[in-house]
Structures are given as structure tokens and as C-alpha cells.
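The values are calculated or read from the model by the stated rules, or taken from the named source; none is laboratory data. Here the structure is a predicted model, which is why all the values come from computation and not from measurement. Quick reminder, even Gly has a Cβ in these numbers, built from the backbone with ideal geometry, and neighbours come from all protein chains shown.
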Amino acid sequence: MSTVDQQSIWDPEVDFGTPAVRGAESVTVTIDGRAVDVPAGTSVLRAATEAGVAIPKLCATDSLKAFGSCRMCVVEVDGANGAPASCTTPCADGMVVSTQTERVRDLRRNVMELYLSDHPEDCDGCARGNCEIQSLAATVGSAEVRYGRPESRQQVAHPHPIDESNPYFAFDAASCIVCSRCVRACADTQGTFALTVEGRGFDSRISAGGTDFLSSECVSCGACVQACPTSALQEHSIVELGMPTRSVETTCAYCGVGCSFRAEVRGEGSDAQVVRMMPSKNGGANEGHSCVKGRFAYGYTSHRDRQLSPMVRDSIDDEWRRVSWDQAISRVAEGFTAIQSEHGRGAIGGISSSRCTNEEVYVVQKMVRAAFDNNNVDTCARVCHSPTGYGLSQTFGTSAGTQDFASVEEADVILLIGANPTDAHPVFASRMKRRLRAGARLIVADPRRIDLVRSPHVEAAHHLPLLPGSNVAFINAMAHTIVTEGLTDEEFLRERCENLDEYLAFVRDPGNSPEATAEATGIAPESLRAAARLYAEAPNGAIYYGLGVTEHSQGSTMVMGLANLAMLTGNIGRPGVGVNPLRGQNNVQGSCDMGSFPHEFPGYRHVGRDEVRGIYEELWGKKLDPEPGLRIPNMFDSALAGTFRGLYVQGEDIAQSDPNTQHVEAALRAMDLVVVQDLFLNETARFAHVFLPGTSFLEKDGTFINAERRFGRVRPVFPSRVGKDEWQVVCEIATAMGFPMSYDSPAQILDEIAATTPTFAGVSFDRLDTEGSMQWPINDAAPHGTPTMHVGEFVRGKGHLAPTWYVPTTERTSRKFPLLLTTGRILTQYNVGAQTRRTSNNVWHPEDVLEIHPADAELRGISTGDLVDLSSRVGSTTLRALVSERMPAGVVYTTFHHPVTGANVVTTENSDWATNCPEYKVTAVQVGVANARGDAAVAQAREPAETHA
Amino acid sequence: MNEHVPAEARMGNDIARQFAHLPPAQAAEAIAGHIERFWDPRMRRNLEALAAAHDDSLDPLLVDAAGRLAAHASGTS
């Protein structure tokens, strides 16, 4: 199906009423004379819908287990008494069902009359087509209501004010039929349990825990709104814009979960407006669920701050001047060429973005390697998951997580370390919580008491609050316990791993015992031993990790340590196990896969390999540099040294996101030409000479790859609002610099990627459009993709057990800086906030705050809400305090979503030894009450909360 | 504290500390190998210059590795 075909109609996904049953034997039932084969256990309601027989329903929806309360879906079954609800009646072989007898029609009419007796005639949703009551009433033939019907919402039995506290949707109890779909969605799909039914009988009503939605535990995922069969829970956008007229299947542009969405749209071409984002039931990553960012926070794409014209200026102190695309591209090409003429070909480079498509990223690295004639290309993965690339390549042979997300449903024990999925990867967190509620055990290793340590119906078996910087000591102690207590998988180690003797001798050393490492980790030895036993003895033990693993001076070593732990216990190569990096941005995996690192071509092949370079030299008609180029921090250092003078930055805000802001800003100031391509004039643009407007995900045509290696299509909802696609701009810069680059379409770029990279050989737009998303490797050996990696054999052959020596960070506390700062993310904001700060998500997180333990706060006279100075050896900033026991004493925590706070003013130049990934998670700091000057400065600098445009 | 240490020395020392458990010659070769694989040539030359200037901020293993890098570059090893 072509992109155009997919955009042409609004065709909501069919609701089958109850979830699909997988893997059971088939049974045959006859429904209204039609024979239907379904897996045993499938509900009659679902079987009928699959057969094209529509049974009226209200409380049933296929994302939730059957509830059986509304009595609309009643049917008659031959040989059975009464009229059972079809949603709760499983199909049995030979069953004969009738869905349209006079008896069941009467029952439905009577039930509908009761619903209508308290449903207002002036229901906006009914009129608009966003409420099923009116249409269902027509379907079941309820033309008259014997009990009367309220003419307006004020006349319902128990009128309540409309709750409009949530910025994205409203709750109108007058339209509510108390079917509990919202309550069940909040519990079963999202796992938050924020909603409940208050009262009994006719007095019952839905409640957000006795308060309004905004003040409640609600995380605004929107599952309740999606589940609501009436307009009781309704998006504001539906009211403002009306019902959609078409939908476009695309992929979310926020975190690395990579949810599939149907962008529901009104209008065509440049007049098109997104009415709402509906998560796709067939989305491999999200299976119909979403979070507050993906579902609601798309307003930034049309925010007033959006820049739509190219701009130039001679100096960063000058005002911007709007110019044509040709003028801007000429300025870039001439500027870069002049720098190279004077300072050598290595004096310029480029940074690609994990928020851009694979096709956009690929052309950036091609431009750098072929037009710039060097390998000075890097990507923002440098500052997040570059250690994952190094660590998993060394041990397993490739740079990627081992599982699909569905794998967690088969995990028995989950070791979660340095990750906070409920905030950073919320849709996956819901999946994980579902598994935990079903009985899987959880080990959380994190200095901070994250929500998963204890939340409704989820409690970790162990929370190990290890001290920042001690990860490798911790993982060695886990491995020591497993090895010395005889908990290893001997057969797996013997058959599938190498370097066994050296590794076992290393890890058996008493210096790696929980007792010996306790001073470094801060973990009670017996707690650590118990956690190690739990993981090792699980039938399926799965590891999930995040930036709390990678953003350390030993980030790469720690990734290898996690891989070792999985190999020791045989937890690799089947569903339910594995080593799973939770990637931060939507296309971190893809941007790395596409050759964005300065030492690697696409597919993680070193630039020094003659046979790999030869592939590209032949195709591109150009000799290529066999030496690695500069990484991002190396670019900054070289800029200050005067050998690096020109930089193209695609969709990243390095002046806000990268550590040691003063150092970054000094480097940017030192350059002759900084080119920024972005949606907004971000912090980095303050140092730019050329601004090239970028496109939002709603304008892009291409692919993303999520954290489970899944290629997902990104399809344009409307054409580029800046007149060009980003890949075109890059091609034009390269061409203007003397290396002709052109493609007819992004599909052609992916074809080039597939033709030159064995791992992606089988992927194309056509296949993704017709067969749906798929996970790499996709090639002759795995034509439909690879959900689970390293089955039977590692990519590198034998898994390599690498000794992981613990080398403490040089960043230490002192009398001057006695606390350790660690940084992270929050649910409603995303990365540097460029997108989410330009939405109503600011309601939940208008500023970054510093979490500090009560003991540390009391010592300093700090209370919640106080402005405090946060200082390290490289800088200081001011923000508000939140006194909280989530942090252990001695450790403070903040986020980096707001430029006014500038958390990276205090983070240092320390980095992972192997990859230069910054050590964001360990900074020695001091905290004190801010003086009046600081208070005034923050008050002046703090941005007003920007609203959904 | 690292702020006044040249970047190549700081990053090189970080690498050296990871291989310090190995016998010295083996460690120096591993350090040189890592740097050769991942560092831009100008950074390698900067490191070699620091070593040649007997910069005292360099870990001895890194000094040895820098010598090996220089030898590799000149084709003498």
C-alpha cells in the first residue's frame, strides 16, 4: 500500500470486543449460520466480529479482558439456558450461536432504554459521532424511552461539573454510563490504578481517586479516553477540530519504545491538522497503548516558535536575516570549503540526530565522509548509549538489545538497573508492570527509589540503592555470587562462550565478593547475594538497563558486565531473557545503525576495513578516509585548539544536552561556521551562523528503528512546512561542495542502505508498507526479521566473557563538594524539552527541581520550594528544592529539561573510558540556599509555561 | 580534578587505568590498540607530542602506548 493510499480515508481499527487468544488449538463454532474457526478460549463476541457478525457492545473492547456488565452483547447458544453475554462466553467446538433472535433484541432494547434514561439528548459526542450511545440505540431499535430521557446534561440524575483540569481531555460524568472501561484501561493497560467507581447502583460514578484528574495519580496516558465508548472522556481537540477525516499510520518521535500511531487528521495538504494520535493495535512495540507524550504532546509541530525560513548572519552577535534556500546552502558550502582550504579537510564535521529518520541520518554521514572528505561525524548517541555499542559488540558481536519488547511477558525475574521506565519508557513500563502483576519478580538496582520499587500492585523483591559510580563493583559482586555459589549454567558456558577460565578466575577473586565491594556499592552483602540468587535461579532472567549504566566513566565496562551476567546464567537466545538497553530517543538505535559514529560505516563496520570501505568507494565514486574521525567531545576540544572550525548540527541541542556547558559554549564560539538545522532556535543556535529550518516527524517520510531493532515507517501527515525535506537539504549541501548527491525519494535512500549493509539487506519501504514493521537482522537468513538475537550462536560466534575490573571514577566527593549529583528524566518532559516545553505538558513539570534527602536538606536549612544553588567544580546553577526520601542521603537528583536551569552547567568533562560518553550520573556537588540575587535571576529567567499551540 | 589536564592526557589516562591490571607491555599494547581504533589522527599526534615532551600528567602506561603509536605511524613496528 502506498503512502497516498494510507492517507486517503479515516478507517478506525475494528474493535473485536475481547483480546485475541494466542497459541490455543482451533475450535469451530457456528454463528448465525456461519462456521468460524478460532483458537479455543476466544469469546463468542470476538469470533462473531471476526466472522463479520456485529454484536452490539458497550463495556467490551478488545484491549481489555471481558467484564460482562453492560448486557448489550447477549446472545443465545443452542442447548444453553438464558442469554449469556457473548464477551464472557468462550467458544467451544460445535457451539451454535444466534445473535439476532427476537429474544436478544428485546433484551438489548430494554438495556439500551435504561442507559438512555440517564444519557442527555444534547450529548455533544452523540452529535459529533464520538459517542457510541446514539448509533447503538439506532442499531438495537431503541426509538422510544419508556422511562423518559434528560433533555440536557443538567437534567441527568446526578449532574457534576465537567472536569477540565487535564490540559488534553475533559471528563463529563453526565455522558458516562459507568461501563468501567476507563477504570479497567487505567488498571490493566496502563497499570496506574488512578481511576475507580465511587458509589453504588444508580449513584455510581467514575472518580479519579476522589479528586480531579490533574491532581490525581493519573499519568495522562489517554488509555481511558481511548477506551471510553461515550464522550464522557473526550479529547479537547475533538471538540475544537471535529472528528477526523483520514488517518496516517506513523511512528512516535519521542522515546526509544517507538510506538506506532494512527495520526487522525482533518484536511488535506498544508491545511491538514492532527485531531488526535491513536496508538495502533497492530504496533509491534506498543500494541495499542501510548503515553502522555506520544498521544498528546504533538502541538510543538505547529508552535509559534517554529522557524520556517533559512536564516544567516555574519557574526553570532548579529541579528538573523531571512534568506532563500539557495542562498543559505551556498553560504554553508562556501563557508565549509573556505575553512577546509585554510585549515585542512579535517577542520569541519557534522552531528546527526537521533530524532531524525534513518534516511536523513544516513545522508549526513555520507555527506561528511564523501563531501567533507573525513570521518568527523558523530551523533547524540555519544552522550547516551555509545557504551552499549562498545560493550555489546565486544561480548556478543553486535550493538543492539537482544529481545523484542514482548519478551518481557515470558520473564520470571527482571533485573532493572539504571533505568526508570515508568518515566522514560512508559509504554514498555506498562508492559513490564503487567508481567510483574502476573507474578514475575523484580530487582531494582538504582540509587533512587524509582516508582517501580513500590507502586500499586507492584513491589520489587529487592531494591539495591547502589552508590553512583559503583556499578562495576556491583555487577562483579553479582557475578562472584553466582559463580562461587554454583549457580552458573555450565552447559551454556561450555558450548557458547569463550575466555571462560580467565573470566572465572577474575570473578572468583575475593576482592569481587559482595562483602569486599560493600564499601564501594553501599549495598548490604546479604541483600546483594539474595538478589543474585533470585536472578540466577530464575527459569528466565531478563536484564533491562538505561543511562544509569552507560553514563559513567566505566559505562562500557558495565555493559560488558551485564552481558557476562546473562552468559553466566544462560539467559541469552530465547524469549523471556536477554540484555536489553532501553534507548532514550526514538531513533538512537537507527542513528547508530546508520553509521553515525566516526569510526564506523552503517552496520557497525570499522572505517579501517578495506573491504567495507571498498563497497562505498565503488558506489560513491570517491576514495574514503580510513582513519576514525572526531567524536563530539573531541570536536569541542579541537575547536578550542583551533584545528576544528566548522560544524553542521542536525536536530540536536548540544549547548543544552552536553556536559560542562561553559566548555561547549566556548568551543562553539571558537568556530568560524556553525550550521544548525532544527525546528526551533535552540540553545545551540545562539552560536550559529546559518539556521536551516527542519521538519517535524509529522512531515517526515522515512523509517525509525526502536530499542528492539524494529524498523517502523514514519509517514508524512502533511508536506514539509519549510519547503524542503531534510535529506534534500543535506544532499544539496554536499552537491554544492562538489560531491553530487541526489535521490528521487527517501525510499531510494533506504534501498542504498539495504544494498550496502548485510544486516539490513531485506528491508525496503515496499516491504514495510505491505508487511509492517520488522526487526533487524533482515536478510536471506531472516527474511521476516529477528525478534530474538543470538539464538544458538552469538553474532560473533562465541560469546566473549570479558573480565570487568572495577576502576573507581576520578570524580569524588570532598569537603567542598560533599554530595553526589545524578541526573535523569521525568515522564512529561523529553530530553532537552525542545518539543515538550512547547506543549501543555508544562502543566506537570514547569521547571527542573533538585531532589534532596531530608537529612541533607536539614543540614543546609533547605525546605521544599526553596531556591538553592547547585555547584560543582565546573559551574553552578539555581533551582528549586524538593525534599524527598526517594534519594539516599548524600545523593541529589535533577533533570535537564529546562534551559533556564541548565543542569549541565555543573556536569563535568569526565567520560566513559572507551567511548567518551559523559559521566552525567556522577558529579560531586554542594547545595545551599540561594541568595536573593539568585532568587531574582531565576525568577527573571524562568520561562512562562507555554501552551499547546 | 581534570580541568587543567590536556584532553588527550585525561582520556588516555582513563584508558590506561582500565588496562592497568595487565602486565605493562601487554597493557601498553592494548591501550595503543584502543586509541588507534577510536581516535582521530590529530589526537594521536597530540598524545605523542605530550609523551615526547615528558608531560607529567601522563600515566606511564600511556607514555609507553604513545611510543608504540608513534612507531606504528612511522612504520617502525
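Numerical summary
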| item | result |
| --- | --- |
| Tally, over segment A:844-887, of residues that are in contact (Cβ under 8 Å) with a residue 12 or more places away in the chain, farther than 17 Å from A:Gly294 by Cβ and either touching a His at 6+ places or on another chain (Cβ under 7 Å) or outside any strand (DSSP E or B) (or both) | 23 |
| Residue list for segment A:895-911, restricted to those being within 14 Å of another protein chain (Cβ to nearest Cβ) and either without any contact (Cβ under 8 Å) to a residue 24 or more places away in the chain or touching a Phe, Trp or Tyr at 6+ places or on another chain (Cβ under 8 Å) (or both) | A:Thr907 |
| Qualifying residues in segment A:683-705 (those that are buried (at least 24 other Cβ atoms within 10 Å of the Cβ) and polar (S, T, N, Q)) - the one farthest from the chain's Cα centre (by Cα) | A:Thr684 |
| Check on A:Ser745, within 30 Å of A:Trp10 (Cβ to Cβ) and surrounded by fewer than 22 Cβ atoms within 10 Å (Cβ to Cβ) | yes |
| Enumeration of residues in segment A:548-583 that are among the aliphatic types (A, V, I, L, M) and either free of Cβ contacts under 8 Å to residues at least 12 places away in the same chain or more than 14 Å from chain B (Cβ to nearest Cβ) (or both) | A:Val549, A:Leu562, A:Ala563, A:Leu565, A:Ala566, A:Met567, A:Leu568, A:Ile572, A:Val577, A:Val579, A:Leu582 |
| In segment A:793-833, the residues that are of a type in the set (Gly, Ala, Ser), part of a strand (DSSP E or B) and either surrounded by 24 or more Cβ atoms within 10 Å (Cβ to Cβ) or under 27 Å from the mean Cα position of the chain (by Cα) (or both) | A:Gly799, A:Gly824 |
| Hits in segment A:354-378 (condition: within 18 Å of A:Ser399 (Cβ to Cβ) and either within 14 Å of chain B (Cβ to nearest Cβ) or modelled with pLDDT of 95 or more (or both)) | A:Asn358, A:Val361, A:Tyr362, A:Gln365, A:Asn375, A:Val377, A:Asp378 |
| Qualifying position, being buried (at least 24 other Cβ atoms within 10 Å of the Cβ), acidic (Asp, Glu) and in contact with a Pro (Cβ under 9 Å, 6 or more places away or on another chain), among A:Glu708, A:Glu726 | A:Glu708 |
| Any hit, segment B:66-76, residues being within 14 Å of another protein chain (Cβ to nearest Cβ), of a type in the set (Ser, Thr, Tyr), assigned to a loop (DSSP other than H, G, I, E, B) and on the phi < 0 side of the Ramachandran plot | no |
| Unmet requirement for A:Pro598, which otherwise passes all of (1) under 23 Å from A:Leu392 (Cβ atoms); (2) buried (at least 24 other Cβ atoms within 10 Å of the Cβ); (3) more than 14 Å from chain B (Cβ to nearest Cβ) | (3) |
| Residues satisfying the stated conditions in segment A:374-394, i.e. part of a strand (DSSP E or B) and in contact with a Pro (Cβ under 7 Å, 6 or more places away or on another chain) | A:Val377, A:Asp378 |
| Among (1) surrounded by fewer than 24 Cβ atoms within 10 Å (Cβ to Cβ); (2) in contact (Cβ under 8 Å) with a residue 40 or more places away in the chain; (3) part of a helix (DSSP H, G or I), the one test that A:Gly397 misses | (3) |
| Only one of A:Ser773, A:Ser742 that is among the small types (Gly, Ala, Ser) and touching a Lys or Arg at 6+ places or on another chain (Cβ under 7 Å) | A:Ser773 |
| Residue among A:Phe597, A:Phe644 that alone is under 30 Å from A:Cys259 (Cα atoms), among the aromatic types (Phe, Trp, Tyr) and either more than 30 Å from the chain's Cα centre (by Cα) or not in a helix (DSSP H, G or I) (or both) | A:Phe597 |
| Single condition A:Val219 does not satisfy, out of (1) modelled with pLDDT of 95 or more; (2) not in a loop (DSSP other than H, G, I, E, B) | (2) |
| Enumeration of residues in segment B:1-50 that are at the interface with chain A (Cβ under 7 Å from one of its Cβ atoms) and small (Gly, Ala, Ser) | B:Ala7 |
| Where A:Gly578 falls short, out of the listed (1) more than 20 Å from A:Ala461 (Cβ to Cβ); (2) buried (at least 21 other Cβ atoms within 10 Å of the Cβ); (3) not hydrophobic (A, V, I, L, M, F, W, C) | (1) |
| Test: A:Ala655 is more than 13 Å from every other protein chain (Cβ to nearest Cβ), crowded, with 24+ Cβ neighbours inside 10 Å and within 18 Å of A:Arg669 (Cβ to Cβ) | yes |
| Single unsatisfied condition, A:His606 versus (1) under 22 Å from A:Ile749 (Cβ atoms); (2) in contact with a strand residue (DSSP E or B) (Cβ under 8 Å, 6 or more places away or on another chain); (3) within 14 Å of chain B (Cβ to nearest Cβ) | (1) |
